[in-house]
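Step one of this worksheet: look at the structure below.
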Amino acid sequence: MATKEAPETSTAKAGSAPAPDDPRKPDSPTDVDKPSWKYIARKTLREFTADQCPDLAAGLTYYAIFSMFPALLALVSLLGIFGQAEKTTAALLEIVQGIAPGQAVEMIREPIQELTTSPAAGFTLVIGLLTALWSASGYVTAFGRAMNRIYEIDEGRGFVKLRGTMLAVTLISLIIVALLAAMLVISGPVAEAVGNVMGLGGAFLTVWNIAKWPAIVALVIVVIAILYYATPNVRQPKIRWMSLGSLIALLIFVLASVGFGFYVGNFSNYNKTYGAIGGVIVMLLWLWILNMSLLFGAEFDAEMERGRQLQAGIEAEDTLQLPPRDTKKSDKLQEKEEEDIRLGRELREKYSGKANGHEGKDQDGSDRHNRDADRRNGHGGATAREGNGNSR
């Protein structure tokens, strides 16, 4: 089976890729032609397999496990600002309970409740939050590596720039989630107070209880879009293009989670099969589904960009043509690789010369050995006598 070619270096694309918002590209999804949409759909499915996204999702699940509790600690610390950490985390767990398998929710419920009731929850906002952010950013960094594979480019950002970007993405995402959680609890009394001021009373609260859910979905899409936009080493087009893949990822995740929860609740016997760790297995599978959904949405965004480029006449059938954010690391790695190639060539030529010398010596020794054997067997004398006879 043919393997997928390695992505081009960011150094190469820096000099050849057009601007991310090149005017030749379609300006909105409605400008994308029907043949392009068919190509995008087919290519998304193929690239999802070619990029080994199920394996990437498994790796991201590993990082998610180690980043989950630092992220929860940071989230609880942020919620402590509103003084509603216990209520807001309970509201979040209720939402998750509606789409996730019950065993997966129970695995994280107790640690979260311990964090919210801990007297150190507010104190950790200064020191613990920074430590938790650094640990939680490990998942975001791993997600960025997966995004680089999807966008067919290597990592060109230096350590400081890369870690700074991932920490910023982690912090922004946690702040949005904290605001979302606080909105679920605090918005009720606030909406009721606003309704009383406006003279609408409970009617305004009823409207808000319906309208807040589209707002929550929009915030979740924003978080996913930020992951898609900031983590790979490519200068992305306008972020509105990212929202398409984000919406697809969210829909797939919700549907897959509901289906998986139904399966776990009605047909599976994870507790009987795995005993005490049955809940752990369910949670790992659920996180794997989450990461699969995120990577599929990212593949769609990447192939959407490829379709835009092809429709604009840009040669993107072999590799996506997006300029890198930075090439510093890629330049250094390329220099080291060229140095390794040079040293390897010198080593080969050195030993090739010795091998040729030994071959010549072996050939001379073989000739002398044959002549000595002929003389011992009398062939040499007979040959000489025959030569003398012929001369006479």
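Answer yes or no as to whether GLY201 is at positive phi, more than 17 Å from the chain's Cα centre (by Cα) and modelled with pLDDT under 75.
Details: at positive phi: yes; more than 17 Å from the chain's Cα centre (by Cα): yes; modelled with pLDDT under 75: yes.
So GLY201 passes the test.
From ILE112, ILE99, which residue is surrounded by fewer than 19 Cβ atoms within 10 Å (Cβ to Cβ), modelled with pLDDT under 90 and in contact with a helix residue (DSSP H, G or I) (Cβ under 8 Å, 6 or more places away or on another chain)?
Just one listed residue meets the conditions, ILE99.
Across the range 123-151, which residue is farthest from GLY164 (Cα to Cα) among those that are at pLDDT 90 or above and among the aromatic types (Phe, Trp, Tyr)?
Here the answer is TYR151.
Identify the residue in the range 304-332 that is out of contact with any helix residue (DSSP H, G or I) (no Cβ under 9 Å at 6 or more places or on another chain) and under 17 Å from ASP154 (Cβ atoms) and, among all such residues, is surrounded by the most Cβ atoms within 10 Å (Cβ to Cβ).
Step one: of the range 304-332, the residues out of contact with any helix residue (DSSP H, G or I) (no Cβ under 9 Å at 6 or more places or on another chain) are 309, 312-313, 318, 332.
In the following step, the residues that additionally are under 17 Å from ASP154 (Cβ atoms) were identified as 318, 332.
Details: ASP318: 9, LYS332: 12.
Out of the qualifying residues, it is LYS332.
Kindly indicate whether THR44 is in a helix (DSSP H, G or I), assigned by TED's automatic domain parsing to the domain that holds GLU299 and without any contact (Cβ under 8 Å) to a residue 24 or more places away in the chain.
no
Go through the range 221-277 and report how many residues are modelled with pLDDT under 90, under 23 Å from SER28 (Cβ atoms) and surrounded by 15 or more Cβ atoms within 10 Å (Cβ to Cβ).
Here the count works out to 6.
State yes or no: is THR170 surrounded by 17 or more Cβ atoms within 10 Å (Cβ to Cβ), modelled with pLDDT of 70 or more and in contact with a Lys or Arg (Cβ under 9 Å, 6 or more places away or on another chain)?
Taking the combined requirement at face value, the residue does not satisfy it.
Against the condition surrounded by fewer than 18 Cβ atoms within 10 Å (Cβ to Cβ), closer than 20 Å to ILE289 by Cα, modelled with pLDDT under 95 and assigned by TED's automatic domain parsing to the domain that holds LEU294, how does PHE69 come out, does it pass? If you could, list the steps in order and put the result at the bottom.
On the way: surrounded by fewer than 18 Cβ atoms within 10 Å (Cβ to Cβ): yes; closer than 20 Å to ILE289 by Cα: yes; modelled with pLDDT under 95: yes; assigned by TED's automatic domain parsing to the domain that holds LEU294: yes.
Yes, satisfied.
Here's the yes/no breakdown for (1) in contact (Cβ under 8 Å) with a residue 60 or more places away in the chain; (2) assigned to a helix (DSSP H, G or I); (3) out of contact with any Ser or Thr (no Cβ under 7 Å at 6 or more places or on another chain):
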| position | (1), (2), (3) |
| --- | --- |
| GLY279 | yes, yes, yes |
| TRP288 | yes, yes, no |
| ASN291 | yes, yes, no |
| LEU294 | yes, yes, yes |
| GLU317 | no, no, yes |
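The values are calculated or read from the model by the stated rules, or taken from the named source; none is laboratory data. Computed from a prediction, not measured in an experiment: that's the story for all the values here. For neighbour counting, all protein chains shown are included, and Cβ atoms are generated from backbone atoms with ideal geometry for every residue, glycine included.
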